[in-house]
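The values are calculated or read from the model by the stated rules, or taken from the named source; none is laboratory data. Quick caveat: nothing in here was measured; it's all calculated off a predicted structure. Cβ coordinates were reconstructed from backbone atoms using ideal geometry, including for glycine residues, and neighbour counts include every protein chain displayed.
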Amino acid sequence: MKKYIDIIANSYYGYWNYLKYELIQINHWDNYFYGLIIISLIVWCLEIAFPWRKEQAIFRKDFWLDTFYMFFNFFILNLIILIALSNTAAEIFNDILSVFNLSLSNLQLFDVDNLPTWLGLLIFFLISDFVQWNTHRLLHAIPFLWNFHKVHHSVKEMGFAAHLRYHWMEPVVYKSLLYIPIAIIGGFDAQDVAIVHFFAITIGHLNHANLGWDYGPLKYILNNPKMHIWHHAKQLPKHTKYGVNFGLTLSLWDYLFKTNHIPHNGKNIELGFDGDETFPKDFVKQELYPFSKEKH
């Protein structure tokens, strides 16, 4: 037990020091704090310059709530729970494997260090995006998880910051299901992973932005604003019960597994979900919603 307590304590201490380093050190390109700010400002400027819904205000509905979510979920949430939880869960998993005289190295399929950097990153990206696509489907299909995911789908006007409006339980689910597939691939250089991470943030921001883009032929590979808005449509198509267009960065999985749906230009469709008119409107109540008796 003391080992796990030490892991939790060291996680808090380590991540706090990391946050301070990120705020102070602005001279390294893989700085997540300033990277998020730069990506957000660029995509917001694109929204202002090329708005799809021209009548939508620059400071749209819930703009500041989503901005708060963006920084809370990307940084503060890690400090409060995620890093400590992830490190502890990883150690527990390793301890369970040790009972069977196994370790993650025994399960490792190959080591990306033995591959060209570009190929290792591509494998990492494809595997992580596919696992997250499947996880996203579970968030819609399992009622318990859907109550958490409703926070993200409570967005009524799309904008870049809506990308990171989600309940704190979501990354717990994503990271848990992603841990083993990534662990058995092998080690990754932190700076190399940052490339993939920044790319995913950029595509995610663009998907939620007030932009009418689909990237032409690349729409069958990359998720895009014209596709993703249908994922947020309040009225689900009759052929599906849980939703459509589950892709995070890649649209490829939706086309391969027939969960794609873009019936027409979705510029002005209503967003949300059935019953969203009674869904809490502020941060604290939204975070507490899945645990309340009022959920439905």
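Quickly run through segment 154-169 and pick out the residues that are under 21 Å from residue 290 (Cα atoms) and either of a type in the set (A, V, I, L, M) or within 13 Å of the chain's Cα centre (by Cα) (or both). Break it down into steps so the answer makes sense when it comes.
Going through segment 154-169, the residues under 21 Å from residue 290 (Cα atoms) turn out to be 154-156, 162-169.
Result: 155, 162, 163, 164, 165, 166, 167, 168, 169.
Of these, 236, 248, 252, which one is within 24 Å of residue 144 (Cα to Cα) and touching a residue at least 24 places away in the same chain (Cβ under 8 Å)? Spell out how you get there, then give the answer.
Values: 236 fails: touching a residue at least 24 places away in the same chain (Cβ under 8 Å); 252 fails: within 24 Å of residue 144 (Cα to Cα).
Checking each option against the conditions leaves just 248.
Can you tell me which condition residue 216 does not meet? The list is (1) touching a His at 6+ places or on another chain (Cβ under 9 Å); (2) at positive phi; (3) surrounded by fewer than 21 Cβ atoms within 10 Å (Cβ to Cβ), and all the others hold.
(1)
Consider only pairs whose beta carbons are under 6 Å apart and that are at least six residues apart or on different chains; among these, list those whose first residue lies in segment 59-79 and is in a helix (DSSP H, G or I) and whose second residue is at pLDDT 95 or above and small (Gly, Ala, Ser).
Within 6 Å, the pairs are 66/161; 66/162; 67/161; 70/161.
Out of (1) touching a Leu at 6+ places or on another chain (Cβ under 7 Å); (2) part of a helix (DSSP H, G or I); (3) not acidic (Asp, Glu), what's the single condition that is false for residue 156?
Every listed condition holds for residue 156 apart from (2).
Could you list all residues from segment 124-143 that are without any contact (Cβ under 8 Å) to a residue 24 or more places away in the chain and either part of a loop (DSSP other than H, G, I, E, B) or of a type in the set (Phe, Trp, Tyr) (or both)?
Within segment 124-143, just 142 meets the criteria.
Based on what the data block shows, is residue 273 part of a loop (DSSP other than H, G, I, E, B) and farther than 13 Å from residue 133 by Cβ? Break it down stepwise before answering.
Numbers: part of a loop (DSSP other than H, G, I, E, B): yes; farther than 13 Å from residue 133 by Cβ: yes.
Answer is yes for this residue.
Okay, residues lined up against (1) at pLDDT 95 or above; (2) over 19 Å from the mean Cα position of the chain (by Cα); (3) not hydrophobic (A, V, I, L, M, F, W, C):
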residue	(1), (2), (3)
202	yes, no, yes
207	yes, no, yes
219	yes, yes, yes
242	no, no, yes
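Applying the selection to segment 209-254, what residues are farther than 22 Å from residue 174 by Cα, assigned to a helix (DSSP H, G or I) and not hydrophobic (A, V, I, L, M, F, W, C)?
216, 217, 219, 220, 225, 226
Could you tell me whether segment 10-22 includes any residue that is modelled with pLDDT under 95 and either under 17 Å from residue 206 (Cα atoms) or in a loop (DSSP other than H, G, I, E, B) (or both)? Give the steps one after another, and end with the answer.
Within segment 10-22, the subset modelled with pLDDT under 95 is 10-22.
Add one more test, that the residue is either under 17 Å from residue 206 (Cα atoms) or in a loop (DSSP other than H, G, I, E, B) (or both), and what stays is none.
No; the residues of segment 10-22 include none that is modelled with pLDDT under 95 and either under 17 Å from residue 206 (Cα atoms) or in a loop (DSSP other than H, G, I, E, B) (or both).
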